[in-house]
Amino acid sequence: MKLGKIIVATILIVVAILGGMGAYLLQPSGQLRDFDAWQAKPDTSAKSLNIRFFGVSTLLFDDGQEQILIDGFFSRPSLWQVLSSKVSSNAALLQNIIQEEQLHRTRAILVTHSHYDHALDLPELAALLPHTQIIGSNSTLNIARSHPGVKASQLRRAVSGQPLQSGQFKVTPLASAHTPPTPVNDDLGEEITAPLKLPAKFSDFKEGGSFDYLIEHDGQQILVKASTGFIPGQLKNVQADILFLGIAQLSRQSEDYQKSYLQQTLATVKPKIVIPIHWDDFFQPLSQPLQFLPRFADNVPESMRILIKAAEAQQIQVVLLSNTGPYSLLKSASSQVL
Ligand SMILES: [Zn+2]
């Protein structure tokens, strides 16, 4: 009897400790308000190139006439959904976003790689936007072509260094590298070789190779780099006014890796402005303000500090975007731009 009580008490204590640890690890790794000084102010008045940020690396560029979208991830299923079941698009949410953001003006969706947090909504978007092209790796195109409403003519394979004209936007895919693998993300270079029917397990979205995208519009150059990975020397001839830079798990890499990454991106591309991306908790819906990735996934404040320190040493302005927007990217990208 006594032993039984001791066992029960021990189990309860262990459960309480594990529960407490779990709750701690699920909390955001820091508070966005601690970085208020770097937050951009939304600007709806601007007539030049506007941008909307939807978390991770889903970015909408809009010149008032036409749009291009980097990545297609709006549905953001919860952590529980991702771990316990298959993932798919939230069609009603997508229809709302298409209407609100006038996505029928989107000429192309350029996809950085095939993980679900970049590519989940591609099939549904491509079916709802029949005049929009999907551009990405073979794996990415296999996600999009799983929907019966998507036409073959909408799908186009990205070729590194080969520019594409999309209205006033000239976009060049550049072969890139993914963030170094983690135990749950250990599929780098693996491909999706047949149409991927949704719903699918998150682990079925194989990386399939990664791309950065250089966007040229009206004399402005913008580089979008979604992942915290690089091919040495790849950006040596690339200059951009604005660099969207993935910082997911930067703080988890060795100091040597952090230095090389920032050398190969920030110090090479020499932007006037760097905008960190892929720092938000993508298990939270877009109806809420973006918050930092949870502790189990990253230490975002530390990644931010590493980036800010390197950028400020090079007189590069760091600007943080939230999911409110839109933001205006003025032509000069001068110090008071955003
Ligand atoms: Zn990924």
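Please treat every number below as a calculation from the coordinates, not as lab data. The structure presented is a predicted model; accordingly, all values stated were derived computationally and were not measured. We place every Cβ from the backbone using ideal geometry, glycine too, and count neighbours over all the protein chains shown.
Working out 0.36 nm times the residue gap between THR10 and LYS309, then minus their Cα-Cα distance, what length gain in nm do you get to one decimal? Kindly include the intermediate steps, with their values, before the conclusion.
Values: separation 299, 0.36 × 299 = 107.64 nm, distance 4.66 nm.
Separation in residues times 0.36 nm, less the Cα-Cα distance, equals 103.0 nm.
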Worksheet item: Taking the Cα-to-Cβ direction at GLN102 and at VAL159 and moving 7 Å from each Cα, how far apart do the two end points lie in nm?
Response: 3.4 nm
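Order the peptides 8-20, 217-229 from the highest to the lowest mean number of other Cβ atoms within 10 Å of their residues. If you can, show how the numbers build up before the last one.
Numbers: 8-20: 10.0, 217-229: 21.9.
My ranking of the peptides, most packed first, is 217-229, 8-20.
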Discussion item. Whole percent per 20 Å bin, from 0 to the bin with the longest distance: what is P(r) over all C-alpha pairs of the chain?
Written reply: 31, 57, 9, 2, 0
Worksheet entry | Inter-centroid distance (Cα atoms) of region 49-115 relative to region 242-284, Å | 21 Å
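For the chain, what is the calculated [θ] at 222 nm in deg cm²/dmol (nearest 500), taking -39500 (n - 2.57) for each run of four or more DSSP H residues and dividing by its residue count?
Numbers: 9 runs with 87 residues, N = 338.
Per the formula, -7500 deg cm²/dmol.
Too long at a 28 Å Cα-Cα cut-off: which of LYS170/LYS259; LYS225/LYS259; LYS41/LYS236? Present the calculation step by step, with values, prior to reporting the outcome.
Numbers: LYS170/LYS259 31 Å; LYS225/LYS259 17 Å; LYS41/LYS236 32 Å.
The answer is LYS170/LYS259; LYS41/LYS236.
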Worksheet item: For the chain, which DSSP H helices look membrane-span-like by this rule: Cα extent along the axis of 15 Å or more and mean Kyte-Doolittle of at least -1.0?
Response: 2-26, 300-313
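Could you order peptides 276-287, 21-32 by the average number of other Cβ atoms within 10 Å of their residues, highest first?
On the way: 276-287: 21.2, 21-32: 14.3.
Top of the packing list down: 276-287, 21-32.
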Practice prompt. Any chance you could run the full-extension gain for ALA152 through LYS170? It's 0.36 nm times the residue separation minus the Cα-Cα distance, nm to one decimal.
Written response: 4.3 nm
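Once the Cβ-Cβ distance between SER287 and TRP80 is put in as r, and R0 is 22 Å, what FRET efficiency do you end up with, to the nearest 0.05? Intermediate results must be reported in sequence, preceding the final value.
On the way: r = 17 Å, r/R0 = 0.78.
Efficiency, rounded to the nearest 0.05: 0.80.
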Practice prompt. Calculate how many DSSP beta bridges within the chain are antiparallel, expressed in % of all such bridges and rounded to the nearest 5.
Written response: 55 percent
Practice prompt. Give the residues of region 162-176 whose amide nitrogen is closer than 18 Å to a point set 7 Å from the Cα of ILE231 in the direction of its Cβ.
Written response: 162-164, 171-176
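May I ask what percent, to the nearest 5, of DSSP beta bridges between residues of region 61-214 are antiparallel?
On the way: 11 of 21 bridges.
Around 50 percent antiparallel, to the nearest 5.
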Worksheet entry | Potential extension, ASP43-GLU191 segment - 0.36 nm per residue separation minus Cα distance | 49.3 nm
